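A quick write-up on the structure given underneath.
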Amino acid sequence: MNNLAINVNSEIGKLKKVLLHRPGKELENLMPEYLERLLFDDIPYLKIAQEEHDEFANILRKNGVEVVYLEDLVAESISKNDVKLQFIDEFIEEAGIKEDRETNLLREYFQSFSNKDMILKMMEGIRKTEIKDYKLKNLTDYLNNDYPFIIDPMPNLYFTRDPFATVGNGATIHKMHTVTRNRETLFAKYIFNCNQTYKETKLWYDRSEDFSIEGGDVLVLNEKTLAVGISQRTHPNAIEKLANKLLTEDSNFDKILAIDIPKQRTFMHLDTVFTMVDYDKFTMHPNIKNDISVYVLERDNNGKMIISEEQGSLEDILKKYLNLDKINLIKCGGNSIIDAAREQWNDGSNTLCIAPGEVIVYSRNYVTNQVLQEEGIKTHVMPSSELSRGRGGPRCMSMPLIREDLNK
Ligand SMILES: NC(=O)NCCC[C@H](N)C(=O)O
């Protein structure tokens, strides 16, 4: 084990340090008419969502994992005043505010908070009613009179898995598929550029790229092999760009498996249908099992990128590329298509592995959880009534910063 700030060479090595965001008042700025744009299907009850999230963090701590929170890392990253001012300006601009008077009012408003409270306020969004003198008398303002926010909330932030990903000793900062989630990656930019602990991190992808990639599609299968979903959220060009940077002497990775999954909301990321739970065991939505296309990106002896296509069952493809004689695909929802559909919708396949054969799961997915237990997986069950309404599970709600390397 080395002393690097980021060390993630597998999906299953003992988790030592993880990044979370406890959902905050941003959830109370959800309104039915804007849910679709903000990628929610319902409005979670904040008090219970926070209790559930605290239980998630407790399970992690009880199992020897250091938990750090996004807002604390960002606050540390902007401790110098010039950095803070630049951060505020970028945040305001990326929130879509271009008008000088409005920018000035917001600058002043943000500076009236402590660094951490300012960050929480940015996440929460700003209602038109909360800044005195906000009302502009320009034409745009008259036209948008009914819209209640100056700055939209960022309700998806508790899914820390998506705006950036840790891969080996480096990270990828993402260009997100949607405008609403793209704003989240500014926090990662400041962590990886300015935070004392993280500013030396190698970046394999940056938010300024043209093609979208999201962390739920990025799975570190082992220290040499990365899986990336080609999904509704991750564009194949982004995977090629990432491959060009990652498959170099600077990293231990020599292969990317680009797994083509259906482009639909229920399967929005690879980790909503497939997660690794042990050396040779994976959860899997039954619809994904057969006849899948996987594109293998690697370099030939001259360093030229080559892409080959594999078609067949994911089981056979994984066996081949992970050098395993046998693998066990554990079906989400067991053998019932109804239980599978319901529990996959509530992230039954989206487990967070905290050690080989040990996962955190949502209580509501009891059919899948029982199948996992029967297959010898230890399940740490967390409450899940409210958090699940955001359409993400324990893996989506966590970004590993350090995992122990597996014995080779
Ligand atoms: N990795 C994941 O699957 N994350 C869940 C993200 C849910 C969020 N409401 C979204 O649509 O982006």
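The values are calculated or read from the model by the stated rules, or taken from the named source; none is laboratory data. Predicted model only: the values in this text are computed from it and were never measured. Positions of Cβ are backbone-derived with ideal geometry, glycine not excepted, and every protein chain shown enters the neighbour counts.
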Criterion: out of contact with any Leu (no Cβ under 8 Å at 6 or more places or on another chain), modelled with pLDDT of 95 or more, hydrophobic (A, V, I, L, M, F, W, C) and surrounded by 20 or more Cβ atoms within 10 Å (Cβ to Cβ) - qualifying residue of PHE192, PHE164: PHE164
Number of positions in region 362-408 that are modelled with pLDDT under 95 and either under 19 Å from LEU60 (Cβ atoms) or aromatic (Phe, Trp, Tyr) (or both): 0
Criterion violated by LYS14 - all others in (1) over 23 Å from the mean Cα position of the chain (by Cα); (2) among the basic types (Lys, Arg); (3) surrounded by 12 or more Cβ atoms within 10 Å (Cβ to Cβ) satisfied: (1)
Residue pairs meeting the criteria (Cβ under 8 Å; at least 6 apart or on separate chains; first at positive phi and away from the ligand (no atom under 14 Å from the Cβ), in region 150-176; second hydrophobic (A, V, I, L, M, F, W, C) and assigned to a loop (DSSP other than H, G, I, E, B)): GLY168/ILE6; GLY168/PHE253
Any pair with Cβ under 6 angstrom, 6 or more apart, that starts in region 260-283 at a residue that is under 21 Å from MET176 (Cβ atoms) and away from the ligand (no atom under 13 Å from the Cβ) and ends at one that is of a type outside the set (S, T, N, Q) and part of a strand (DSSP E or B): ASP260/ILE230
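Filter region 208-229 down to the residues that are within 16 Å of the ligand (Cβ to nearest atom) and either without any contact (Cβ under 8 Å) to a residue 60 or more places away in the chain or surrounded by fewer than 17 Cβ atoms within 10 Å (Cβ to Cβ) (or both) and list them by number. Can you show your working first?
So the first thing to find is which residues in region 208-229 are within 16 Å of the ligand (Cβ to nearest atom), and the list is 212-220, 226-229.
Those that are within 16 Å of the ligand (Cβ to nearest atom) and either without any contact (Cβ under 8 Å) to a residue 60 or more places away in the chain or surrounded by fewer than 17 Cβ atoms within 10 Å (Cβ to Cβ) (or both): SER212, ILE213, GLU214, ASP217, VAL218, LEU226, ALA227, VAL228, GLY229.
Residue-by-condition table, conditions (1) assigned to a loop (DSSP other than H, G, I, E, B); (2) away from the ligand (no atom under 14 Å from the Cβ):
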position	(1), (2)
GLY348	yes, no
SER388	no, no
MET397	yes, no
ASP405	yes, yes
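I'd like the residue in region 69-108 that is outside any helix (DSSP H, G or I) and within 21 Å of the chain's Cα centre (by Cα) and, out of all such residues, is nearest to GLU130 (Cα to Cα). Walk me through it before giving the result.
Residues of region 69-108 that are outside any helix (DSSP H, G or I), as a first pass: 69, 78-80, 95-99.
Subsequent filtering for residues that are within 21 Å of the chain's Cα centre (by Cα) retains 69, 95.
Working: TYR69: 26, ALA95: 17 Å.
If we take residues in region 69-108 being outside any helix (DSSP H, G or I) and within 21 Å of the chain's Cα centre (by Cα), then ALA95 is nearest to GLU130 (Cα to Cα).
Condition first: in a helix (DSSP H, G or I), more than 16 Å from the ligand (Cβ to nearest atom) and of a type in the set (Phe, Trp, Tyr). Now tell me which residues in region 187-207 satisfy that. Even if it seems obvious, please write down each step before you answer.
We begin by selecting, within region 187-207, every residue in a helix (DSSP H, G or I); these are 187-194.
Imposing the further condition that a residue be more than 16 Å from the ligand (Cβ to nearest atom) reduces the set to 189-194.
TYR190, PHE192 - these are the residues of region 187-207 that are in a helix (DSSP H, G or I), more than 16 Å from the ligand (Cβ to nearest atom) and of a type in the set (Phe, Trp, Tyr).
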Within region 314-327, considering residues that are surrounded by fewer than 16 Cβ atoms within 10 Å (Cβ to Cβ) and of a type outside the set (A, V, I, L, M), the one nearest to PRO286 (Cα to Cα): ASP316
